[in-house]
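Have a look at the structure below, then the notes.
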Amino acid sequence: MINIEISNGKLNEIKELWCSWFFREDRINKFIDILDTDDIYRGMIFDKYSDYISWKNKYLTDIEAISDLAWREKICSYIFDDLSDEKYVIDKYKKSIQKGTEDFLIANYERCRKSVRLARIINIMQIEVCPYCNRNFMENYSVKQEDGRSKVYFKGDLDHHYSKDEIPALALSFFNLIPSCKVCNHEKLETRKRTFYPYYDNEEKEYRFSIELYDDSDEKDIIYDRPIENIEKKRFDSTVWQG
């Protein structure tokens, strides 16, 4: 596994890109509608209801507040929250939010995943190889359009460390999204177990990987501890090559 290290300078660049994408009038109006009705979700962002009302009124009385860094801070603190302490994450975010809130977060995650800004964020992070397997390259390139402008593409996937089903409130959270190759993301979809977390797991640990093929003595799948039903049929399965 490769540790993902992001300096404060790079993180500030990423925040600016994310803010330029998220803080649009139509999106904020919908976001306020959600915060008005979903008490549990609102409490994850604002400590007190009065804080929320002050934040909301500032925007409603002055549309220019949408570009104010101080006004954006509460939302940014939530989106870029440190998720390294699992107990903290479970206690704060593993709660039942309204279906409309969940739909809003997942829909905007899908928009973000397909946006040019995501490719630019990956460029800033300088991730070229999947952090999980350290093997598959994740293409991130630009193509010049007819109008002379360049369009950036990211051909990898985004894996949710805490799944959208388990903790939907984190569907759009930056440190819950792990850039990964399609093979690793697909393998992870088959289990609800959380695996290595590249944003912090390598600080005190070192993981070494090796490759061993199945043989007649193997009884369990080497990734998910499932019984091996037929080794011959699995000879060409990609899981054979997982260390």
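The values are calculated or read from the model by the stated rules, or taken from the named source; none is laboratory data. Note that the coordinates shown come from a computational prediction; the quantities given were computed from them, not determined experimentally. We place every Cβ from the backbone using ideal geometry, glycine too, and count neighbours over all the protein chains shown. Accessible surface areas use protein heavy atoms only, side chains included; no ligands, DNA or RNA. Shrake-Rupley method; radii C 1.70, N 1.55, O 1.52, S 1.80 Å.
Among the residues of segment 1-46, those identified as touching a residue at least 40 places away in the same chain (Cβ under 8 Å), open to solvent by less than 60 Å² (accessible area, probe 1.4 Å) and of a type in the set (D, E, K, R) are Lys10, Arg27, Asp38. Of the listed requirements (1) at pLDDT 95 or above; (2) more than 23 Å from Ile122 (Cβ to Cβ), Ile63 misses just one: (1). Which one is farthest from Tyr52 (Cα to Cα), of the residues in segment 23-40 that are touching a Lys or Arg at 6+ places or on another chain (Cβ under 9 Å) and not charged (D, E, K, R)? The selected residue is Phe23.
Are any residues in segment 89-146 hydroxyl-bearing (Ser, Thr, Tyr), open to solvent by 80 Å² or more (accessible area, probe 1.4 Å) and under 24 Å from Tyr162 (Cβ atoms), and if so, which ones?
If we filter segment 89-146 for residues that are hydroxyl-bearing (Ser, Thr, Tyr), which is where we start, we get 93, 96, 101, 109, 115, 132, 141-142.
Those left that are additionally open to solvent by 80 Å² or more (accessible area, probe 1.4 Å): 96, 141.
Correct list: Ser96 only.
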